[in-house]
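The values are calculated or read from the model by the stated rules, or taken from the named source; none is laboratory data. Since the model is a prediction, treat every value here as computed from it, not as a measurement. Cβ placement follows ideal geometry from the backbone for every residue including glycine, while neighbour counts extend to all protein chains displayed. When the accessible area is computed, the model is the full protein with side chains, heavy atoms only, and any ligands, DNA or RNA have been set aside. Shrake-Rupley method; radii C 1.70, N 1.55, O 1.52, S 1.80 Å.
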Amino acid sequence: MNVLEALGLNFGLLVIIMILLWLISIRIRDVSFIDAFWAYGMAIMASASFIQTENPGSLAYTIWALTALWGIRLGTHLFLRWRKEGVDPRYKKIMGRAMEKQGMSFAKAALLKAWAMQIPLLFIVCLPAQLGILLAGTDGLSTVSIIGAIIALVGIAFETVGDMQLKAFKADPASKGKVLDSGLWKYTRHPNYFGDFCAWWGIWLAAAPLGWPVWLAAIGPLFLSFTLMKWSGAPLLEKSLKKNRPDYADYIERTSGFFPMPPRKSSGK
């Protein structure tokens, strides 16, 4: 089986899974768990690629393991958060607007505004992992691949610690109405997003020695970076926080928006 055929099978599998999840979302009238599947889906695409690889070497194993570790860890974190907190206000707003202003049924809104658009985006972002595994064959780890794997592991660890710190902060009743500005959150307002950034650029770099198909697959981490920094990641979250947290403006003034940096002096202090 060639690489294009393998990618085609991966895409078909992704479509089938998305349809099943769409049907579940209709039954429970909530699409919020889509964020968890975004991460799980990456692990599934990597695993599907790995299964289709004959005699995988250490490079294929490494790329698969990094992607699976990232996806399972983040997916489980997001799924448990959804189970605890319920409907995500962002998706409630998106679905409400589609039904009230565009006259869509819940099923149609869920399909067009959530699940359908996730299929190509997830597939593209995951291309470095898919291509890396499928093209690696029996290849071992080069110096560049090792550096990429280290960057990815740092990103996974950074994101994991940031999520743990935020979870503990939210669980403390004394934190209500306050902004988390300690731990990793002292150096960046979005340690979880920065962790994603490092994880996927690291995975891409680990696969980069395999040649131009992987180089072109840089569109995946490039799109993810744009999403996290400029589109639906940090900007959308901060828009809500500015409205609901009076001291968030001061936090913005003294804390780096994305890349970890020493905190700045704030005029409010």
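Could you say which residue among Thr143, Thr160 is β-branched (Val, Ile, Thr) and surrounded by fewer than 15 Cβ atoms within 10 Å (Cβ to Cβ)?
Going through Thr143, Thr160 in turn, just one is β-branched (Val, Ile, Thr) and surrounded by fewer than 15 Cβ atoms within 10 Å (Cβ to Cβ): Thr143.
Output the residues belonging to region 45-93 that are of a type in the set (Asp, Glu) and assigned to a loop (DSSP other than H, G, I, E, B).
Once the filter is applied, which keeps residues that are of a type in the set (Asp, Glu) and assigned to a loop (DSSP other than H, G, I, E, B), region 45-93 yields Glu54, Asp88.
Please go through region 1-40 and give me each residue that is of a type in the set (Lys, Arg) and touching a residue at least 60 places away in the same chain (Cβ under 8 Å), ordered by number.
Scanning region 1-40 gives a single hit, Arg29.
Would you call Gly220 modelled with pLDDT of 95 or more and either open to solvent by 20 Å² or more (accessible area, probe 1.4 Å) or small (Gly, Ala, Ser) (or both)?
When the stated conditions are applied, Gly220 passes them.
What are the residues in region 168-192 that are touching a helix residue (DSSP H, G or I) at 6+ places or on another chain (Cβ under 8 Å), without any contact (Cβ under 8 Å) to a residue 40 or more places away in the chain and either in a helix (DSSP H, G or I) or farther than 20 Å from Phe258 by Cα (or both), if any?
Hits for region 168-192 are Phe169, Ser175, Gly183, Asn192.
Identify, by number, the condition in (1) touching a Phe, Trp or Tyr at 6+ places or on another chain (Cβ under 6 Å); (2) within 17 Å of Leu184 (Cβ to Cβ); (3) not hydrophobic (A, V, I, L, M, F, W, C) that Lys242 doesn't meet.
Failing condition for Lys242: (2).
Where residues in region 228-238 are within 30 Å of Ile133 (Cα to Cα) and without any contact (Cβ under 8 Å) to a residue 24 or more places away in the chain, which of them is least open to solvent (accessible area, probe 1.4 Å)?
Ser232
Every residue in region 182-207 that is farther than 23 Å from Pro120 by Cα, open to solvent by 40 Å² or more (accessible area, probe 1.4 Å) and in contact with a Pro (Cβ under 8 Å, 6 or more places away or on another chain), please.
Lys186, Tyr187
Of everything in region 69-79, what is open to solvent by 10 Å² or more (accessible area, probe 1.4 Å) and closer than 17 Å to Leu14 by Cα? Give them in sequence order.
Hit for region 69-79 is Ile72, nothing else.
What residue, of Thr76, Thr62, is modelled with pLDDT of 95 or more, in contact with a helix residue (DSSP H, G or I) (Cβ under 7 Å, 6 or more places away or on another chain) and of a type outside the set (Asp, Glu)?
Thr62
Going through Leu241, Leu210 one at a time, which residue ends up being modelled with pLDDT of 95 or more, open to solvent by less than 60 Å² (accessible area, probe 1.4 Å) and on the phi < 0 side of the Ramachandran plot?
So the residue among Leu241, Leu210 that is modelled with pLDDT of 95 or more, open to solvent by less than 60 Å² (accessible area, probe 1.4 Å) and on the phi < 0 side of the Ramachandran plot is Leu210.
Tally the residues that are more than 14 Å from Ile203 (Cα to Cα), outside any helix (DSSP H, G or I) and in contact with a Leu (Cβ under 7 Å, 6 or more places away or on another chain), restricting the search to region 133-167.
Result for region 133-167: 2.
Output the residues belonging to region 244-256 that are in a helix (DSSP H, G or I), modelled with pLDDT under 90 and surrounded by 12 or more Cβ atoms within 10 Å (Cβ to Cβ).
Tyr248, Ala249, Asp250, Tyr251, Ile252, Glu253
Check Ser25, Ser58 and return the single one that is of a type in the set (S, T, N, Q) and under 23 Å from Phe106 (Cα atoms).
Ser25
Can you work out which of the residues in region 8-64 that are acidic (Asp, Glu) and surrounded by 15 or more Cβ atoms within 10 Å (Cβ to Cβ) is nearest to Trp204 (Cα to Cα)?
That would be Asp35.
Quick one: what pairs do we get from region 98-117, first residue on the phi < 0 side of the Ramachandran plot and buried (at least 18 other Cβ atoms within 10 Å of the Cβ), second among the hydrophobic types (A, V, I, L, M, F, W, C) and modelled with pLDDT under 90, C-beta under 6 Å, 6+ apart or different chains?
What qualifies is Lys113/Ile94.
Within region 199-216, can one find any residue that is among the aliphatic types (A, V, I, L, M), in contact (Cβ under 8 Å) with a residue 12 or more places away in the chain and over 24 Å from Trp70 (Cβ atoms)?
no
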